[in-house]
1. Arrange the peptides A:37-44, B:29-36, A:95-102, A:113-120 so that the one whose residues have, on average, the most other Cβ atoms within 10 Å appears first.
2. Quick one: of A:LYS324/A:LYS400; A:LYS242/A:LYS264; A:LYS264/A:LYS397; A:LYS324/A:LYS525; A:LYS312/A:LYS440; A:LYS131/B:LYS56, which pairs are farther than 27 Å apart, Cα to Cα?
3. Any chance you could run the full-extension gain for A:PHE379 through A:ARG31? It's 0.36 nm times the residue separation minus the Cα-Cα distance, nm to one decimal.
4. Picking from A:ILE92, A:ILE374, A:GLY107, whose Cα lies most toward the positive end of the charge dipole for the protein assembly as shown (charges on Cβ: Lys, Arg +1; Asp, Glu -1)?
5. So if we plug the beta-carbon distance of A:LYS242 and B:GLU3 into 1/(1 + (r/R0)^6) with R0 = 60 Å, what FRET efficiency do we get, rounded to 0.05?
6. Given charges of +1 on the Cβ of Lys and Arg and -1 on the Cβ of Asp and Glu, with all other atoms neutral, how large is the dipole of the protein assembly as shown about its Cα centre, in debye to the nearest 20?
7. Given a cut-off of under 8 Å on Cα pairs at least six residues apart, what relative contact order in percent is computed for chain A?
8. At a Förster radius of 25 Å, what calculated FRET efficiency corresponds to the Cβ-Cβ distance of A:LEU61 and A:GLN251, to the nearest 0.05?
Amino acid sequence: MELQGKSVSQGIAIGRLVVYQKKDNVVKRERVEDTANEIKRFAAAREKAIEQLKGLYEKALKEVGEEGAMLFESHQLMVEDLDFIEGAENIINQEQVNAEYAVARTGDTLAEIFANMEGNEYMQARAADIKDVSNRIVSVLQGNDDSGLNASEPMILLADDLAPSETVQLDKSLVLSFVTRGGSSNSHTAILARTMNIPSLITVDFPEDVDGKMGIVDGFEGKLLVDPDEALIESYKKRQEKEAEKQRMLQELKGKETVTIDGKSIHLYANIGGVKDVADVLENDAEGVGLFRSEFLYLETDDFPTEEQQFKAYQTVAAGLAGKKVIIRTLDIGADKQVDYLNLGNEENPALGYRAIRICLDQVDIFKTQLRAILRASFYGTISIMFPMIISIDEVKKIKKILAEVKEELDEAGVPYKDVEIGIMVETPAAVLLSEELAKEVDFFSIGTNDLTQYTLAIDRQNAKLESINDPHHPAVLKAIQMTIENAHKGGAWCGICGELGADTTLTETFLRMGIDELSVSPSKILAVRDAVRKLDLSK
Amino acid sequence: MKEFKYTITDPEGIHARPAGLFVKAAAACGCKVTIEKDGKEVDAKRILGVMSLGVKQGETITLKTDGDGEDAAMDTLQKFLQENL
């Protein structure tokens, strides 16, 4: 059985499913004569509740740290809140009823106020806190204050919703994951799960009879798998191990510089293919975006993307990176990436055909629209532009002329933009051979190793028969890379690698010795590459 | 009476944690302390009242202290807002 929910904390958990049964306080409305005594009972119950909350605070402090523990301090303040106390006391006095009823009703009324705070999801979630507090006092008044769950083996905990006081009383070492029917991404269970670094799902509508069965929580896809077969468990275990390794690296390497033991540092950027990848970039602690493939804008639509559509995408990424560098590669379509509305037609040899910058320099309108969108977005972050498939100095000169025209148009219209670095992809043998001259024209190079390998070795990378001789470590490819780096530096440009080879940690040392300035890899490889760089000592 | 207008910069607004700390600080003052937002004024010594304003980032509140020691109270609470919210 597969149940879909929403993930509020990522990760994988495999274990026994346990459905938590909440003990509801049944509160009866009873008439009392001695209201003064009820007021006294209420005061004593508050005192006891405060005592409990202090204990929970201490426990939470040890288990989840100050951030998580603060909650119990705010619960204490709620117990002592005059609105709450006066509200309940008024009900006792005016209606001559028992304290339990007065507390429960006051709690409900106050919770309602928070639950109705439209547009403030955070405060709406606080309704659960108020209910939790009033339940606590009612429990004390009724004389039952034991918690509901005893576990002896690790489990995936399923519940309607869990109150903070319920979660803190759990033995955390036994909880593999929280799955709730209700809840929100701001609920305490969700926050706790993220603090504990365990997966958690909300809005999963599970049947009661899953209790006791084996289950898998996929906190990446938001899925709960009930009764999975052996093969599925195995594949999830592998995924879990990989995640654990990633987590270990994250803990160790997040926020650290990408620098060798002897002090040589490089920039480590991420390759992305769309706006949605920004979260991955940040999560994996990339220092910027070294290759933002703009093709998705063209491939996902039935017609040319408008300037506005493009601007929004570029702006979102630039703003999301908050000032870190974002290198946008202009349209790289043709060859294996086709779109109908461009009417490219069938080509005998598309890899050597009408593609990328060749289209842009031929259909300048398409190119200008993109450049305008990029320049406008540059105002909101740190953007660089990179051009693919360059084979000549003349192309670069033409590009620069078009770029200057676009800037002039923007100036005339009074549209703000920032200075952008411009660079080229070095992915043809022609560009390698001309790299010294090209370096004088641009700010940077980024070596596209996939195409460079294909063109250098004359091996079609789509041809499965050639797989065995398609060697990206081929000495000719490595020599081409070395030459490019050296010439970049001679001409005053910096040089990076954005092809797949950049993430090949068996070559990291080679690239650093060649003098590479930047590596741009897929977000999931960032930490592995940083790890490799930090273990190197180039002085040896 | 002392008044101070402040625009919340914390991305989460006045959420439970700082609200709790703020209420504690306000409770320690001898004078009357209130917070007002959009015409709704609440006792700053009551956490539920403060939270029920639902103050978000970018919204402006008015802090008022009134009575004995209103200057010192304003000093302390103003600083608290600027440092924590």
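Computed from the coordinates by the stated procedures, all read-outs in this text should not be read as laboratory data. Just so it is clear, the model here is predicted, and its values are computed rather than measured. Cβ placement follows ideal geometry from the backbone for every residue including glycine, while neighbour counts extend to all protein chains displayed.
1. Details: A:37-44: 16.6, B:29-36: 18.8, A:95-102: 21.8, A:113-120: 14.9.
Highest-to-lowest ranking by the protection proxy: A:95-102, B:29-36, A:37-44, A:113-120.
2. Numbers: A:LYS324/A:LYS400 24 Å; A:LYS242/A:LYS264 29 Å; A:LYS264/A:LYS397 34 Å; A:LYS324/A:LYS525 18 Å; A:LYS312/A:LYS440 32 Å; A:LYS131/B:LYS56 23 Å.
Exceeds cut-off: A:LYS242/A:LYS264; A:LYS264/A:LYS397; A:LYS312/A:LYS440.
3. On the way: separation 348, 0.36 × 348 = 125.28 nm, distance 6.91 nm.
118.4 nm is the gain from fully extending A:PHE379 to A:ARG31.
4. A:ILE374
5. Values: r = 57 Å, r/R0 = 0.96.
E between A:LYS242 and B:GLU3, to the nearest 0.05, is 0.55.
6. On the way: 73 positive and 107 negative charges, 225 e Å.
Using only the charged Cβ atoms, the result is roughly 1080 debye.
7. Working: 981 pairs, mean separation 76.4, N = 540.
That works out to 14 percent.
8. Values: r = 21 Å, r/R0 = 0.85.
The calculated FRET efficiency here is 0.70.
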